[in-house]
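Enquirer: Below you will find the structure I want to go over with you.
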Amino acid sequence: MLAFAKDITQNQPKNSKESENDELKQYMDYQRKLNHVQLVHHALDYAKNHLQLNIQKADGNEEQLNEYLQNAFPISHRFGDAEKIMLLLRKLANGQNASNNWYRMNAYYHALVHDSMKRFVKIYNQLILDSPDKAKEYEASEGVQIDFDDWVYLYFPDLDFHIGQDLGYTHYPFAKRNKAIEDEIEKRMESGNSKEEVLKTIRDEYEMDDTAIKILLEKPIGNEDMELFYTSVENPIYEALTEVEDGRWGVMDGESLLEHTYYMGSHLKVWEWRKREEVEEEAESVMKELSKSSPK
């Protein structure tokens, strides 16, 4: 199984504050209607099958195939050709379908999963409207459209691979982080530093993954970055997320980091523009803590 920031096998999350907050209750009810394992499985399967179809359709026409790659894999096409992306998708699919191990992904793989899921969710949500019976066959949700932005917030450790690109949304704490890094890069490059020099300088400050830096430098994925690191599913890699906190954030006393992540997710879902800065700041601190607790 692929190891995201949270355990995708858990489809019935609960929050101790649900009975006190109607918006949180509605948000958690929505979360309980999602099947994350099926969602990831079908997204990767769709991406793999349609890439194969387009390889065959192109029949050696590189321009046609490259156009498809740019549309279907807007981030991933920058670090791999069709053959390489197909290999990576097969590795991801095999990892997702394995029941004995957790498979940890690097930034290259996160980027490809992001591309694949964003495209599939768009198609799936349209099926919910136009052909609910067909959508039901995927078993990705109980008849509800999937909020991709919300899913990314909950299950991705960061979007560093997306730095310098239009995120297409505003309410993620990732957007604030990416903007800060983008501004730092721009400012230092104006002083005469190369992009690579800047990234090496700020890497530790922002705790950036080496593979994310390679993506930002538009380096193709190498053999050393194609491994999915695994650990037994018996290892409690998500245990830290469910430990009760001692109120390091004012509203977290007696709650787990996992509970508070959902709490913040519900706030982001029912966005109030006047509270944007406040919510982003708190969400950012939660994401930093999640990053420290994510599978390594």
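The values are calculated or read from the model by the stated rules, or taken from the named source; none is laboratory data. On a predicted model such as this, the values are computed, not experimentally measured, just so you know. Because the Cβ atoms are built from the backbone with ideal geometry, glycine has one as well, and the counts that use them run over all protein chains shown.
Enquirer: Taking Asn223 as the residue in question, decide whether it is over 30 Å from Gln10 (Cβ atoms), surrounded by 15 or more Cβ atoms within 10 Å (Cβ to Cβ) and out of contact with any strand residue (DSSP E or B) (no Cβ under 6 Å at 6 or more places or on another chain).
Expert: no
Enquirer: Just need a number here: residues in segment 56-73 that are crowded, with 16+ Cβ neighbours inside 10 Å and in a helix (DSSP H, G or I). Give the derivation first.
Expert: Residues of segment 56-73 that are crowded, with 16+ Cβ neighbours inside 10 Å, as a first pass: 58, 65, 68-69, 72-73.
Okay, now just the ones that are also in a helix (DSSP H, G or I), so 58, 65, 68-69, 72.
Qualifying residue count for the region: 5.
Enquirer: Can Leu217 be described as outside the structural domain of Asn94 (by TED's automatic domain parsing), exposed (fewer than 15 other Cβ atoms within 10 Å of the Cβ) and not charged (D, E, K, R)? If you could, list the steps in order and put the result at the bottom.
Expert: Values: outside the structural domain of Asn94 (by TED's automatic domain parsing): yes; exposed (fewer than 15 other Cβ atoms within 10 Å of the Cβ): yes; not charged (D, E, K, R): yes.
Taking the combined requirement at face value, the residue satisfies it.
Enquirer: Would you please list the contacts, defined by Cβ atoms under 6 Å and residues six or more apart or on different chains, that run from a residue in segment 137-153 that is buried (at least 20 other Cβ atoms within 10 Å of the Cβ) to a residue that is among the polar types (S, T, N, Q)?
Expert: Filtered contacts from segment 137-153: Ala140/Asn35; Ala140/Gln38.
Enquirer: Inside segment 78-109, can you point out the residues that are without any contact (Cβ under 8 Å) to a residue 40 or more places away in the chain and surrounded by fewer than 19 Cβ atoms within 10 Å (Cβ to Cβ)? Quick ask: steps written out before the conclusion?
Expert: First, the residues of segment 78-109 that are without any contact (Cβ under 8 Å) to a residue 40 or more places away in the chain: 81-83, 85-86, 94.
Within segment 78-109, Asp81, Glu83, Met86, Asn94 qualify.
Let's see how each residue does on (1) modelled with pLDDT of 95 or more; (2) touching a Lys or Arg at 6+ places or on another chain (Cβ under 8 Å); (3) more than 19 Å from His114 (Cα to Cα); (4) part of a loop (DSSP other than H, G, I, E, B):
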position: Asp133; (1), (2), (3), (4): yes, no, yes, no
position: Asp150; (1), (2), (3), (4): no, yes, no, no
position: Gly192; (1), (2), (3), (4): no, no, yes, yes
position: Ile215; (1), (2), (3), (4): yes, yes, no, no
position: Pro236; (1), (2), (3), (4): no, no, yes, yes
position: Leu241; (1), (2), (3), (4): no, yes, yes, no
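Enquirer: A further question on this structure: What pairs can you find where one residue is in segment 47-72 and assigned by TED's automatic domain parsing to the domain that holds Met117 and over 18 Å from Leu88 (Cα atoms), the other is modelled with pLDDT under 95 and not basic (Lys, Arg), and their Cβ atoms are less than 6 Å apart, with a gap of 6+ or different chains?
Expert: Gln64/Ala58
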